[in-house]
Structure formats: structure tokens, C-alpha cells
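The next block holds one structure in the form of C-alpha cells; read it before the comments.
The values are calculated or read from the model by the stated rules, or taken from the named source; none is laboratory data. Note that the structure is predicted; figures quoted are calculated from it, not measured. Every residue, glycine among them, receives a Cβ derived from its backbone with ideal geometry; neighbour counts consider all protein chains shown. Note: areas computed on protein heavy atoms with side chains; ligands, DNA, RNA excluded. Shrake-Rupley method; radii C 1.70, N 1.55, O 1.52, S 1.80 Å.
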Amino acid sequence: MERDVIIACDFSSAEATLAFLDKFQGGRKPFVKIGMELYYAAGPDIVRQIKARGHKIFLDLKLHDIPNTVRKAMAVLSSLDVDMVNVHAAGTVAMMKAALEGLTRPDGSRPLLIAVTQLTSTSQETMQKELLIGAGINETIVKYAQNAKEAGLDGVVCSPLEAAMVKDACGKGFLTVTPGIRFADAAADDQVRITTPARAREIGSDFIVVGRPITASPDPVAAYNRCLNEFAD
Ligand code: C5P
């Protein structure tokens with residue numbers, strides 16, 4: 001899949017999401033990310049509706065359970081014909097392999113499967129003192145990415161500033177999907193480790209996930225096109 005911009009559709013209802021996507025009619029159909037809030041509020045039907053409008057979908061549900069449960073849940077998500085899904089790498093290599101099995105359709109096709117390494121909301125201090133993970137956070141991220149690669153996954157979600165480290169450890173073809181994107185002249189909001197679309201491209205991100213810089217913009221289509229110009233074209 002080509003380098004692309006994914007819009008994080010962090011809306012709480014199907015109506016708000018579809019009204020937002022209406023703005024893109026007639027132009028390029030953005031790749032969209034649907035997260036837990038929207039999926040739990042609007043159910044699988046919102047996935048079918050957005051797919052029917054011609055968008056690619058990253059279903060960001062971050063599965064983490066016993067391998068058998070994840071295998072079966074992934075088979076259901078795969079039948080929704082989404083383009084990308086994810087799991088927590090902390091679920092182990094066995095769980096990630098089961099996820100891949102569940103996703104693979106009878107004809108051998110499947111959505112891309114990526115892993116969350118450590119959430120960017122988890123600090124090294126919390127990881128070590130609360131979760132009793134003794135290694136450093138970067139070491140953990142690299143090891144979890146290597147585990148994901150060993151399980152046969154396509155890549156990881158990480159901060160754009162970690163993308164180079166992941167590519168060094170797992171190879172250029174291992175995908176990095178990176179949130180934490182802001183325009184050079186914009187506010188950071190609650191994001192900490194951020195960079196611009198242009199810099200994310202230089203570092204080696206394959207997909208940038210952009211929410212508020214597009215969804216909260218007075219002109220979302222212009223903001224999306226600016227991301228595409230800086231990152232993808
Ligand atoms: O609005 P903003 O551009 O900050 O949105 C980023 C999106 O990426 C949100 O949907 C957020 O939940 C998600 N995300 C993130 N950091 C991670 C993983 C996901 O910001 N480590």
C-alpha cells in the first residue's frame with residue numbers, strides 16, 4: 001500500500017462522522033480511522049456505510065485477549081472488509097499469530113495487521129514502577145516491534161520520532177503508522193512527541209494518522225490536502 005494520510009474520525013456518532021465525510025464528496029476519498037468511541041456507539045454498520053462511500057478504513061480497536069478469542073473476533077472484523085486493523089503487541093506472539101489467522105479470508109486476502117507497542121500515554125516511569133517492566137521504553141518498543149514482525153504482522157503504530165528506530169530494527173518494509181502529527185504553525189493540543197507531515201515523511205512513516213489538525217480545521221478539505229502535499233505526493 002502506498003504512503004497515505006489517515007484521518008482519525010474521532011466523532012461520537014454516525015451522523016457527525018458522515019456529515020464530516022460529506023465535505024470530501026467529489027474529491028479524493030480519504031483513508032479514515034474509526035476508533036473505539038465511534039465503533040462502540042454506532043456498531044459495524046458505520047464501517048459498512050463508510051466503506052460503501054468508497055473510503056479505506058483503519059479499524060483501531062486494539063484487540064488484546066486470549067489467542068482463541070482474538071482469532072474469532074478478527075474473523076468477524078475481516079468480513080467487514082476493512083483495510084487495516086490492530087492488536088496490542090503485549091498480547092504475545094501467539095496472540096498476534098492467532099489474529100493473523102483469523103483475519104485471513106478463504107481466498108488468502110486480509111486487511112493489514114499492525115501492533116501497538118507501548119501506548120504513547122505510558123511513560124517509562126509508569127512502565128517500570130507500575131507494570132514492573134524493567135527495560136527502557138525504547139528497548140521495549142523495539143522488542144515488541146520485533147515480536148510483531150516474528151508473528152508475521154505488517155507493522156506497528158508508533159510515534160513518528162520512533163519510526164526510524166523501528167525501521168532499523170525490523171527493516172524498511174515493516175510499516176510504521178504514526179499519530180502525533182501537527183502542522184509547523186499549529187498548536188500541539190495534548191500531544192507531546194509530535195512532528196510535521198513533511199518531517200514524518202523524511203523519518204520514514206508509511207501512514208500518518210491526523211485527527212484535530214483536519215477535523216477541527218475551519219476548512220478540513222484544505223487541511224487534508226495540505227497533509228497530502230507535505231507527506232504523500
Ligand atoms: O487529534 P490528533 O491528531 O491528536 O489524533 C490522533 C489520533 O491518533 C487519535 O485518534 C488518537 O487516539 C490516536 N493515537 C495517538 N497516539 C497513539 C495511538 C493513537 O494519538 N499512540
note = Asp190 meets each of (1) without any contact (Cβ under 8 Å) to a residue 12 or more places away in the chain; (2) farther than 20 Å from Lys33 by Cα; (3) within 15 Å of the ligand (Cβ to nearest atom) with one exception, condition (2)
note = Restricting the stretch 171-187 to residues that are small (Gly, Ala, Ser) and within 11 Å of the ligand (Cβ to nearest atom), the one least open to solvent (accessible area, probe 1.4 Å) turns out to be Gly180
query = Looking at the stretch 129-147, which of its residues are more than 15 Å from the ligand (Cβ to nearest atom) and on the phi < 0 side of the Ramachandran plot?
reply = Lys129, Glu130, Leu131, Ile133, Gly134, Ala135, Gly136, Glu139, Val142, Lys143, Gln146, Asn147
inquiry  = Out of everything in the stretch 207-233 that is within 15 Å of the ligand (Cβ to nearest atom) and in a loop (DSSP other than H, G, I, E, B), what residue ends up being surrounded by the fewest Cβ atoms within 10 Å (Cβ to Cβ)?
reply    = Ala216
query = Which of the residues belonging to the stretch 1-25 are within 18 Å of the chain's Cα centre (by Cα), charged (D, E, K, R) and more than 16 Å from the ligand (Cβ to nearest atom)?
reply = Glu2, Arg3
task = Within the stretch 8-43, work out how many residues are open to solvent by less than 20 Å² (accessible area, probe 1.4 Å), more than 20 Å from Asp154 (Cβ to Cβ), touching a residue at least 60 places away in the same chain (Cβ under 8 Å) and not aromatic (Phe, Trp, Tyr).
result = 2
message = Can you find a residue that is farther than 28 Å from Pro111 by Cα and acidic (Asp, Glu) anywhere in the stretch 160-177?
response = no
query = Restricting the stretch 26-51 to residues that are within 14 Å of the ligand (Cβ to nearest atom) and of a type in the set (A, V, I, L, M, F, W, C), which is farthest from the chain's Cα centre (by Cα)?
reply = Leu38
task = Please specify each residue of the stretch 112-128 satisfying the condition of being under 14 Å from Lys62 (Cα atoms) and more than 14 Å from the ligand (Cβ to nearest atom).
result = Leu112, Leu113
